[in-house]
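Novice: I'd like to ask you about the structure that follows.
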Amino acid sequence: MYFTLLGPTGNHDAHLRYLGVGRAGLLLEAGLDPMRDGHAALPRLGPLEDHADYYPVDAILLSHAHMDHMAAVPVLAARWPHAQILCTEATWRLARVQLCRHATLWAEAWEAGESQDEALYGPADVQELEARVRLVERGERINPIASEPGLFLTPLDAGHILGSCSWLVEHEGRRLFYTADVCGRPQSVIQGAVYPPQPVDVVLSESTVAWSPRHAALSRRDEIERLALALREVAAVGGSVLMPVFNMGRAQELLFILHSLKRKGRIPPLPVYVGRRAWEIAQLYDHFATRDRRLLPDFKFHETMVDVLDLEEDGVELEGSRIFLVPSGMMQPRSASWQVARQLVPLPLHAIFFVGHAAGGSFAKQVMQSESGDLLDFEGQRLPRHCRVETFLFSSHSSLPELLEMVKRLKPARLVALPGRKDSAERLLEAARGQDPALATELAMPGVELDLSAP
């Protein structure tokens, strides 16, 4: 086995990894950088293009349907037309929605002169992928590649979002576990990750929040209570709250949390406005409610009392307290969250509550780090920030203690950390060596091939 980390920088962008197994080649992920446009957003293929004979591609494994993990799959599938696409049914249903939506947005941006690149693919290209997608059941051990009969893959629930999976790779007596994005503890809607029942030789592990002491000490129950208190305080003065979210995963988790808080009387019965795309994805969560590992399989999002917000039709109405649970999480200019924020930031009775990660350089990061009175630039309109700003942690990634527990259970001889933040990966490796001094550890670096065939 040999492994190469690809993508532009290996830092929160277009995730792409290559795993060679015998005569077979696997692409792990197929992401686009959500902070870039057009061809600049594509992952860098590097040695896959320079040495194509040495790096065959027989299958593309999708761990989940976030854009930075799967949005380049039409481009990569066209580059390798005989490669299978392996994922769960829920991941493909979610990915298809995302891919078609973004293809349409890219085409509109090109026609409006707002992008220098034409769309990388269109809805018809997404539809053509259907015949190449092999849907897998989590826990099902499969032998997908005829040219390598000794290769077996088992997808396991990653606990990250609906349909997400990690991959157990077995070949000629060696066992490798690739976590993808993993969450070891239950969230509010979905259960925590499932790991292989037997030890493995190698773990390829994410390390997204391993750097954060706050994540390590996090109690989800305490964080929900802190959010409830903050919502009550804003409602008491007649203010409204914006929660910038990504359409998939975080939006559904927060919808459930807000529904539960209202039902238990822990917050006032405030109107909740959710983005149209997030609501469509919530319906897919309902569709898979009894087939996915849900904490409450009988709960249905369609039973929650929410209003779908269409800014072009509805505008932003601030009469009375209300909650806006809208995209984008990074608050890109002219997104729903950006437009709502423009109305809220000048007034101290309102609030912006961040409930997830904000990338460096994003408008969300600027708001998150601003002080009261700082000027925020809304495309030439500079507004003073007087609204309340707070951050709440509802992470869908394993904390450092959860990653260490995973490593302890799997007993690998070798641990490879995948950046993320370089300091986060290094923190994981340092802590893992402290837990097991005999463990061989290394940090995957872009373009550097790792031989995983021996300890």
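Novice: Rounded to whole Å, give me the distance from the Cα center of segment 8-64 to that of segment 333-368.
Specialist: Here the answer is 32 Å between Cα centres.
Novice: Give me Y54, Y273 ranked fewest to most by other Cβ atoms within 10 Å of their Cβ, as a rough exposure proxy. Mind showing how you got there, number by number?
Specialist: On the way: Y54 12, Y273 24.
With the sparsest Cβ surroundings first, the list reads Y54, Y273.
Novice: Quote the FRET efficiency, to the nearest 0.05, computed for R276 versus H82 with a Förster distance R0 of 41 Å and r equal to the Cβ-Cβ distance. If you can, show how the numbers build up before the last one.
Specialist: Working: r = 37 Å, r/R0 = 0.91.
My answer for the efficiency is 0.65.
Novice: Another one. Can you list the residues of segment 97-125 with backbone N under 18 Å from a point 7 Å past the Cα of H39, pointing along Cα to Cβ?
Specialist: Counting only backbone N, you get 106-107, 110-111, 114-122.
Novice: In angstroms, what radius of gyration and Dmax does segment 219-391 have, counting Cα atoms only?
Specialist: Rg, Dmax (Cα atoms, Å): 15.7, 49.
Novice: Please report, in debye to the nearest 20, how large the charge dipole of the chain is about its Cα centre when each Lys and Arg carries +1 at its beta carbon and each Asp and Glu carries -1 there. Could the numbers behind the result be given before it?
Specialist: On the way: 46 positive and 58 negative charges, 317 e Å.
Result for the chain is approximately 1520 debye, rounded to the nearest 20.
Novice: How much of the DSSP bridge set in the chain is antiparallel, in percent, rounded to the nearest 5?
Specialist: Working: 30 of 68 bridges.
Looking only at bridges with both residues in the chain, the antiparallel portion is about 45 percent.
Novice: Starting from the Cα of E319, move 7 Å in the Cα-to-Cβ direction to define the label point; list residues of segment 223-239 whose amide nitrogen is under 20 Å from there.
Specialist: 235-239
Novice: Can you tell me how much longer the chain between E140 and K411 gets when fully stretched, taken as 0.36 nm per residue apart minus their C-alpha distance, in nm with one decimal? Intermediate values should be presented prior to the final figure.
Specialist: Numbers: separation 271, 0.36 × 271 = 97.56 nm, distance 2.24 nm.
That pair, E140 and K411, stretches by 95.3 nm at full extension.
Novice: The list (i) 44, 25, 23; (ii) 48, 29, 22; (iii) 37, 25, 21 gives values of semi-axes √(5λ) of the Cα gyration tensor in Å, and only one came from this structure; which label was calculated from it?
Specialist: So the structure-derived entry is (iii).
Novice: Also, I was wondering about something else. Could you give the length gained by full extension between S147 and T104, i.e. 0.36 nm per residue of separation minus their alpha carbon distance, to one decimal place? Provide the component values of the computation, followed by the final result.
Specialist: On the way: separation 43, 0.36 × 43 = 15.48 nm, distance 3.76 nm.
That works out to 11.7 nm of additional length.
Novice: Another question, if that's okay. At 7 Å along the Cα-to-beta-carbon direction for both D50 and R174, put a label point, then send me their distance in nm to one decimal.
Specialist: Going from the D50 label point to the R174 one covers 2.3 nm.
Novice: For segment 266-308, would you read off the P(r) tail past 17 Å as a percentage of all alpha carbon pairs?
Specialist: Numbers: 350 of 903 pairs.
Result for the distance tail: 39 percent.
Novice: Could I ask something else about it? Using 19 Å as the cut-off for backbone N distance, which residues of segment 181-195 belong to the label zone defined by a point 7 Å from the Cα of S219 along Cα→Cβ?
Specialist: Counting backbone N atoms under 19 Å from the label point, the list is 185-188.
Novice: Still on this structure, please answer the following. For each of F177, F378, F354, count neighbouring Cβ atoms within 10 Å of the residue's Cβ, then give the residues from fewest to most. Walk me through the numbers on the way to the answer.
Specialist: Numbers: F177 25, F378 16, F354 22.
Placing the least packed residue first, the sequence is F378, F354, F177.
Novice: Compute the distance in nm between two label points, each set 7 Å from the Cα along the Cα-to-Cβ direction, one at E128 and one at Q283.
Specialist: 2.8
Read-outs: derived from the displayed coordinates by stated rules, not from any lab. Quick caveat: nothing in here was measured; it's all calculated off a predicted structure. Methodologically, a virtual Cβ is constructed for each residue, glycine included, from the backbone with ideal geometry; neighbour enumeration extends over all protein chains shown.
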